[in-house]
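*Asks:* Before we start, here is the structure in question, set down as structure tokens.
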Amino acid sequence: MIRRALLAGGLLVFITAGAGAELPPHAYEQARAEAAAVVLLEVEQVGGPGRRNVGSGLCRIVGRVVAVERGSARVGDRVVYLTDCLTSRYKPMPGPFPGYRVDYLRSQKRLKLWVNGDRVIARGIEEVPVQ
């Protein structure tokens, strides 16, 4: 009886430990397919999390729309989108996609964004070379 209880408890820990793991690629692909808007943005500014001592938070990506694949934005619109981002103080841990590094976002001139409202979806950013 005690042995069964220990086995059941161990199995429960094993199952719940995997629950916070990174989502499979098809989950992000589906989220992109269902995103309300897809825009190509010329990045003007990236604002990081408000406090310097945090490892993660929200970043503001400010820029001008240079192309629209889906949604109501227009070329030339100045827009602001929010995305989860990480600072150099972030300590990696198991779980779903935590966000993009602030320094990576700031180094980009053009980004393709998949968005819902004013939020970029998880794994909804691709860098686009400036031609």
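The values are calculated or read from the model by the stated rules, or taken from the named source; none is laboratory data. A quick note: this is a predicted structure, and the numbers were derived from the prediction, not measured. Using ideal geometry, Cβ is built from the backbone for each residue, glycine included, and neighbour counts are taken over all protein chains shown.
*Asks:* Say we look at segment 82-101 and pick out the residues that are part of a loop (DSSP other than H, G, I, E, B) and under 8 Å from the mean Cα position of the chain (by Cα); which of these is nearest to ARG119 (Cα to Cα)?
*Replies:* Restricting to residues being part of a loop (DSSP other than H, G, I, E, B) and under 8 Å from the mean Cα position of the chain (by Cα), the top hit is GLY99.
*Asks:* Next question, about the same structure. Those residues that are of a type in the set (Gly, Ala, Ser) and more than 21 Å from VAL130 (Cα to Cα), I need them from segment 52-105; list them, please.
*Replies:* GLY55, SER56, GLY57, GLY71, SER72, SER88, GLY95, GLY99
*Asks:* Somewhere in segment 85-92, is a residue more than 22 Å from PRO24 (Cα to Cα), in contact with a helix residue (DSSP H, G or I) (Cβ under 6 Å, 6 or more places away or on another chain), surrounded by 17 or more Cβ atoms within 10 Å (Cβ to Cβ) and among the β-branched types (Val, Ile, Thr)?
*Replies:* Yes, because at least one residue in segment 85-92 is more than 22 Å from PRO24 (Cα to Cα), in contact with a helix residue (DSSP H, G or I) (Cβ under 6 Å, 6 or more places away or on another chain), surrounded by 17 or more Cβ atoms within 10 Å (Cβ to Cβ) and among the β-branched types (Val, Ile, Thr).
*Asks:* Please determine, by comparing only the residues of segment 26-62 that are in a loop (DSSP other than H, G, I, E, B) and at pLDDT 95 or above, which one is nearest to CYS85 (Cα to Cα).
*Replies:* Filtering segment 26-62 for residues that are in a loop (DSSP other than H, G, I, E, B) and at pLDDT 95 or above, the one nearest to CYS85 (Cα to Cα) comes out as ALA35.
*Asks:* So if I check each of VAL130, VAL102, VAL65, VAL80, which one is surrounded by 12 or more Cβ atoms within 10 Å (Cβ to Cβ), modelled with pLDDT under 95, in contact with a strand residue (DSSP E or B) (Cβ under 9 Å, 6 or more places away or on another chain) and over 20 Å from GLU34 (Cβ atoms)?
*Replies:* Exactly one residue qualifies, and that residue is VAL102.
*Asks:* Would you be able to tell me the number of residues in segment 109-123 that are outside any strand (DSSP E or B) and either touching a strand residue (DSSP E or B) at 6+ places or on another chain (Cβ under 8 Å) or crowded, with 17+ Cβ neighbours inside 10 Å (or both)?
*Replies:* The number of residues fulfilling the criteria is 2.
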